[in-house]
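Worksheet for the structure shown next.
The values are calculated or read from the model by the stated rules, or taken from the named source; none is laboratory data. Model, not experiment: these values are computed from the prediction. Note that we place each Cβ from the backbone using ideal geometry, even for glycine, and neighbour counts take in every protein chain shown.
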Amino acid sequence: MTGQFIFSLVSGIFIGGAAGYLGSLMLSKRMALAAGPLGHLALPGVALALIYGFDISLGAFPFVILGVVLIWLLERKTKLPMEALTAVVFATGVAIAFFFLPIDQAEAALVGDIAKIQLHEVIYSVILSLIIFVTCQKIYSPMALINVSEDLARSKRINVSKYNLVYLLLVALIVSLGVKVVGGLLTAAIVAIPAASARNFSRNLAQYKALSLSIGMISAAVGIALSWVTLLPAGPLIIVVSALIFLISVIFFKRK
Amino acid sequence: MQNTILKVKNLNVELEGEKILEGISFEVKEGEVLAILGPNGAGKTVLLKTLLSLFPYQGEIEWKEGVEIGYVPQRLPFIKDMPLSVREFFDLGKIPVSETQRILKSIGLDERILQKKIGDLSSGQFQRILIGWALSSNPQVLLFDEPLTGIDIEGQETVYSLLEKLKRDKNLTILFVTHELSIVYSLADRIICLNKRLLCSGVPREALTPERIADLYSGQVKFYQHRHTE
């Protein structure tokens, strides 16, 4: 019983932290909501995983990659606004998933199910979260410059497409992991809310990064602990906790 | 006498099927200040970015070998999406701390500004920071998009005198795009005017006759409409 609690707590904290950290880049790229359609697009994969009893993140990943490749190609080849793609992908993912999503397991797909996480899942969640964190840290400066101005970045001979691709692969990874913690419907929230709060609290980039990471971790930890006590699902609780932190940050921001 | 630093020959730029620049040819000498004039949508910014190889083109762009180019973009609307101090903005450009002092001195700003949030700077201060950023690679050439647009009067003066100082002290070759005729007369050695094609070039007082100006901007109602487009 306690072992299970520690499993979900550890994986939640790692995934939440990595999501918050990467989310700080996504927010400044005005792409925080892209995790939404990607999470939704993951749903058919999640449904397949639930039917055939394999890992949810594993099922989600190919579908998320498909979405990421679409976004990357569209960004490179056309000037089509992200919203257009978002709207199509969002709905299609949910629609297809509902053809064969087992209804008794719908909750796990939609809002996550970290309470039953197995040891091997904990291990690879932790490893993947660390990989996301380290890679994100490596690409952070060039990506931040690209977010400020692609022209400036190019004038510094930064290969914008290459960094965007690495960044989008990280997004795909975090969405696949996030689906396990908060489900397909809420993945946008674990990347967007911690970063949004951190932005309100921060005066510089260093604070912004550190706070996005820690708010992501704290929200996950408190949410999972609350779920253990209240028996309510962890995913929605994590989101509610981070939304509360966001409210506090808004009040703080107004005073500043 | 002076060496040519940039040679552009029959430059054509087409973006998304639309011809933006056609048959542009001009040369720039070392240490020269060249103003690029033209109505909105004339392709001035595209020309600058093409010179930086940011856009595909046909024709020839020949920079002097090994030349280092600094670029000051027109606006950075997205920079406020991220909390960023001036120091960190320099870090993003991999500008070493040891360099920063020299740069701040040359753009006339105090070291205390490094701790400030970019979003809290005045428009003039921010413009000078951008110039400092561009100067960090020790360029021989500075490409400058609308140096004075969107900057308050006080800031315009500081930016203007900074440009004058750079021209005087560093023998920088400066290419700038502008709408402001006043700075053209006082700063530019030569001008080119364009509206898709090259319409005139020469010394400002000779090339920029009242008729030419009227011609260049005539019928360009959108120029006076103050449109906020890129």
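Numbers for the structure displayed
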{"quantity": "Restricting region A:138-158 to residues that are of a type in the set (Lys, Arg) and more than 7 Å from chain B (Cβ to nearest Cβ), the residue that is nearest to B:Lys94 (Cα to Cα)", "calculated": "A:Arg157"}
{"quantity": "Helices (runs of 4 or more DSSP H) (entirely within region A:119-209) containing at least 2 residues that are within 30 Å of B:Phe55 (Cβ to Cβ) and of a type in the set (D, E, K, R)", "calculated": "A:150-155"}
{"quantity": "Scope region B:40-98; condition among the acidic types (Asp, Glu), touching a residue at least 24 places away in the same chain (Cβ under 8 Å) and part of a loop (DSSP other than H, G, I, E, B); matching residues", "calculated": "B:Glu68"}
{"quantity": "Odd one out for A:Phe201, checked against (1) touching a Phe, Trp or Tyr at 6+ places or on another chain (Cβ under 8 Å); (2) aromatic (Phe, Trp, Tyr); (3) crowded, with 20+ Cβ neighbours inside 10 Å", "calculated": "(3)"}
{"quantity": "Residues satisfying the stated conditions in region B:55-93, i.e. under 17 Å from B:Leu135 (Cα atoms), touching a helix residue (DSSP H, G or I) at 6+ places or on another chain (Cβ under 8 Å) and of a type outside the set (Phe, Trp, Tyr)", "calculated": "B:Ile69, B:Gly70, B:Val72, B:Pro73, B:Gln74, B:Val86, B:Arg87, B:Glu88, B:Asp91, B:Leu92, B:Gly93"}
{"quantity": "Enumeration of residues in region B:81-119 that are farther than 21 Å from A:Ile158 by Cα, at pLDDT below 90 and within 13 Å of chain A (Cβ to nearest Cβ)", "calculated": "B:Gly119"}
{"quantity": "Qualifying residue in region A:217-238 (condition: closer than 18 Å to A:Ile13 by Cβ and either within 14 Å of chain B (Cβ to nearest Cβ) or not in a helix (DSSP H, G or I) (or both))", "calculated": "yes"}
{"quantity": "Candidate set from region A:17-64 (those that are within 14 Å of chain B (Cβ to nearest Cβ) and over 13 Å from the mean Cα position of the chain (by Cα)); member that is surrounded by the fewest Cβ atoms within 10 Å (Cβ to Cβ)", "calculated": "A:Arg30"}
{"quantity": "Count - residues of region B:43-77 that are over 23 Å from A:Ala144 (Cβ atoms), among the aliphatic types (A, V, I, L, M) and within 12 Å of another protein chain (Cβ to nearest Cβ)", "calculated": "3"}
{"quantity": "Residue among A:Ala153, A:Ala97 that alone is crowded, with 22+ Cβ neighbours inside 10 Å and at pLDDT 85 or above", "calculated": "A:Ala97"}
{"quantity": "Flag for A:Phe14 being under 19 Å from A:Ala60 (Cβ atoms), of a type in the set (Phe, Trp, Tyr) and either assigned to a helix (DSSP H, G or I) or in contact with a Pro (Cβ under 6 Å, 6 or more places away or on another chain) (or both)", "calculated": "yes"}
{"quantity": "Residue in region A:89-104 that is under 28 Å from A:Leu9 (Cβ atoms) and not in a helix (DSSP H, G or I) present", "calculated": "yes"}
{"quantity": "Residue count for region A:107-118, restricted to those that are of a type in the set (Gly, Ala, Ser) and assigned to a loop (DSSP other than H, G, I, E, B)", "calculated": "2"}
{"quantity": "So A:Ala87, is it under 19 Å from A:Asp55 (Cβ atoms) and modelled with pLDDT under 95", "calculated": "no"}
{"quantity": "Where A:Ser197 falls short, out of the listed (1) away from chain B (no Cβ under 14 Å); (2) under 18 Å from A:Met26 (Cβ atoms)", "calculated": "(1)"}
{"quantity": "Qualifying residue in region B:137-146 (condition: within 21 Å of the chain's Cα centre (by Cα), in a loop (DSSP other than H, G, I, E, B), of a type in the set (D, E, K, R) and buried (at least 17 other Cβ atoms within 10 Å of the Cβ))", "calculated": "yes"}
{"quantity": "Which listed residue is assigned to a helix (DSSP H, G or I) and within 14 Å of another protein chain (Cβ to nearest Cβ), from A:Phe246, A:Phe252", "calculated": "A:Phe252"}
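Yes/no matrix, rows are residues, columns are (1) closer than 29 Å to B:Leu199 by Cα; (2) surrounded by 15 or more Cβ atoms within 10 Å (Cβ to Cβ); (3) in contact with a strand residue (DSSP E or B) (Cβ under 6 Å, 6 or more places away or on another chain):
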position: B:Asn40; (1), (2), (3): yes, yes, no
position: B:Gly43; (1), (2), (3): yes, yes, yes
position: B:Glu62; (1), (2), (3): yes, no, yes
position: B:Tyr71; (1), (2), (3): yes, yes, yes
position: B:Pro77; (1), (2), (3): no, no, no
position: B:Pro96; (1), (2), (3): no, no, no
position: B:Leu104; (1), (2), (3): no, yes, no
